[in-house]
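Following: one structure in structure tokens, then a few remarks.
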Amino acid sequence: MLSHVLLPLIVAVSILLMLIRPRAIAEVYWIGGGAALLLLLRLVPLQLAGKAVAEGSDVYLFLIGMMLLSELAREHGVFNWLSSVAVRSANGSCSRLFTLVYGVGTLVTIFMSNDATAVVLTPAILTAIRKAKVEPLPYLFICALIANAASFVLPISNPANLVVFHAGMPPLGQWLLSFGIPSILSIAATYAVMRYLFRRELCAAIECEVEAEPLSGDGKLVLGGLFLMVVVLLTASSLRKDLGLPTCLVALVITACVSLRARSNPLKLFREISWGTLVLVAGLFIMVDAVESIGALHLTESWLVWVQKLPSVTGALVTGLAVGVANNLVNNLPLGLIAGSTLHAVHTKGLLANAVLIGVDLGPNLSVSGSLATILWLLALRKEKLDVSFWDFLKVGAVAMPIALLLSLGGAMLVQILFQST
């Protein structure tokens, strides 16, 4: 059938254009345009498209909540306060500032998700490096790479984790047992690689003096709201509930409280939210369901059945590397949806399922198109009149991703051996 050729062709071209961004046209136009073309050509029924868009409701709510908190923190000086604390704590050392930022990025990713690192932390770090007047790339790359390197410490560290294991999320204790060592190896390897790649920039000193900047009462309320968000996310995750609605509701409550206290109009915060990001996500959901509707899952299921016949170590390596690279061709959000459905259909668990998740989470560190968090990071930079090209990112990612991925897969195999021997 013509649709079986034309549909995947439109999806592939849309994703390719998203990757290379000809004429610097934003990603949302290529993905949104591709999804619209599928509807106009009637390759995707309206009912299927509506169902696909509805599937992303939890992601939309989560992103709205995080972007709203980010704008609230910016408005009330939380970023300025954090940046002054960070630069003063570095004591004139770029290397110390790098380590401090990396540590903060790790904690934000673990407890608030990699999307929060991209949306909330990136503007704060950008403010800090502008105060310090240092080369920005080493510190900005932290926000992108740690957002993926630490994204499987906890289930809430990456919404993709909930997508991949949506049919059978392991208990928290089992999760930590399976992914604790791989996560530590991933975080440590990414740090070591970045320290080496940016060694020249990090040898410099911070020459300027940064004065302590007090945090206003409204800013303290926003900061308290961020801690409340962490508690809510951990609670929702432990109860195996969706994270989007709680995140959005908490953000709305915090915004209302702060706006009433400050007597400010909250509508201007909503105008600053990147609503185009939600269109991008919706377009990706439509494309995933469209590809699934023409039998793509049969191919992934057949491939996974073949991999299961390989020795466990070989199968885990092949799966982790294949999934890791595939992220950068289709983005880890749609790939996570396909991977989760495939794992559920083939009833795959254990080391192979863990390798899939590690590949989904770590693979995006190869290129700017690998994950939604990295795209959000790019959008945050462009909002501040900065840009990182596909090739600039690839030069770092081509070194950092394979090393971290192989070490993490090795850690998962070690856990499997130790667990089986007890």
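The values are calculated or read from the model by the stated rules, or taken from the named source; none is laboratory data. On a predicted model such as this, the values are computed, not experimentally measured, just so you know. Methodologically, a virtual Cβ is constructed for each residue, glycine included, from the backbone with ideal geometry; neighbour enumeration extends over all protein chains shown.
When residues in the stretch 338-374 are screened for being surrounded by 24 or more Cβ atoms within 10 Å (Cβ to Cβ) and either over 21 Å from I417 (Cβ atoms) or without any contact (Cβ under 8 Å) to a residue 40 or more places away in the chain (or both), 14 of them pass. Residues that are crowded, with 21+ Cβ neighbours inside 10 Å, under 30 Å from Y196 (Cα atoms) and either acidic (D, E) or at pLDDT below 80 (or both) within the stretch 67-83 comprise F79, L82, S83, listed in sequence order.
Look at L297 and say whether it is out of contact with any strand residue (DSSP E or B) (no Cβ under 7 Å at 6 or more places or on another chain) and either charged (D, E, K, R) or farther than 24 Å from S367 by Cα (or both). Criteria met by L297.
Restricting attention to the stretch 383-410, the residues that are in a helix (DSSP H, G or I), under 24 Å from S274 (Cβ atoms) and of a type in the set (S, T, Y) add up to 0. Does S113 qualify as being of a type in the set (S, T, Y), surrounded by 19 or more Cβ atoms within 10 Å (Cβ to Cβ) and touching a residue at least 12 places away in the same chain (Cβ under 8 Å)? Criteria met by S113.
For the stretch 267-325, the tally of residues that are β-branched (V, I, T), more than 21 Å from S371 (Cα to Cα) and outside any helix (DSSP H, G or I) stands at 1. Of all residues in the stretch 45-61, those that are farther than 14 Å from C248 by Cα have Cβ atoms under 7 Å from Cβ atoms of residues that are of a type in the set (D, E, K, R) and at pLDDT below 85, 6 or more apart or on another chain, in L48/D289; K51/D289; A52/D289.
Take Y139 and tell me if it is in a helix (DSSP H, G or I) and closer than 30 Å to P266 by Cα. It is false that Y139 is in a helix (DSSP H, G or I) and closer than 30 Å to P266 by Cα.
Look through the stretch 15-45, keep the residues that are modelled with pLDDT under 85 and crowded, with 20+ Cβ neighbours inside 10 Å, and return whichever of them is farthest from L378 (Cα to Cα). Give the derivation first.
Filtering the stretch 15-45 down to residues modelled with pLDDT under 85 leaves 15-28.
Checking which are crowded, with 20+ Cβ neighbours inside 10 Å leaves us with 15, 18, 27-28.
Details: I15: 16, M18: 13, E27: 10, V28: 12 Å.
Filtering first and then ranking leaves I15.
Looking only at the stretch 166-193, residues that are modelled with pLDDT under 85 and surrounded by 14 or more Cβ atoms within 10 Å (Cβ to Cβ) come to 4 in all.
Candidates are the residues of the stretch 84-98 that are modelled with pLDDT of 85 or more and within 24 Å of the chain's Cα centre (by Cα); the one that is surrounded by the fewest Cβ atoms within 10 Å (Cβ to Cβ) is F98.
Does V104 count as out of contact with any helix residue (DSSP H, G or I) (no Cβ under 6 Å at 6 or more places or on another chain) and in a helix (DSSP H, G or I)? Yes. When F141, F152 are checked against the criterion of being in contact with a Leu (Cβ under 7 Å, 6 or more places away or on another chain) and either modelled with pLDDT of 85 or more or over 22 Å from F285 (Cα atoms) (or both), a single residue qualifies: F152. Every condition in (1) surrounded by fewer than 16 Cβ atoms within 10 Å (Cβ to Cβ); (2) under 26 Å from the mean Cα position of the chain (by Cα); (3) at pLDDT below 85; (4) not acidic (D, E) is met by L245 except one, and the failing one is (3).
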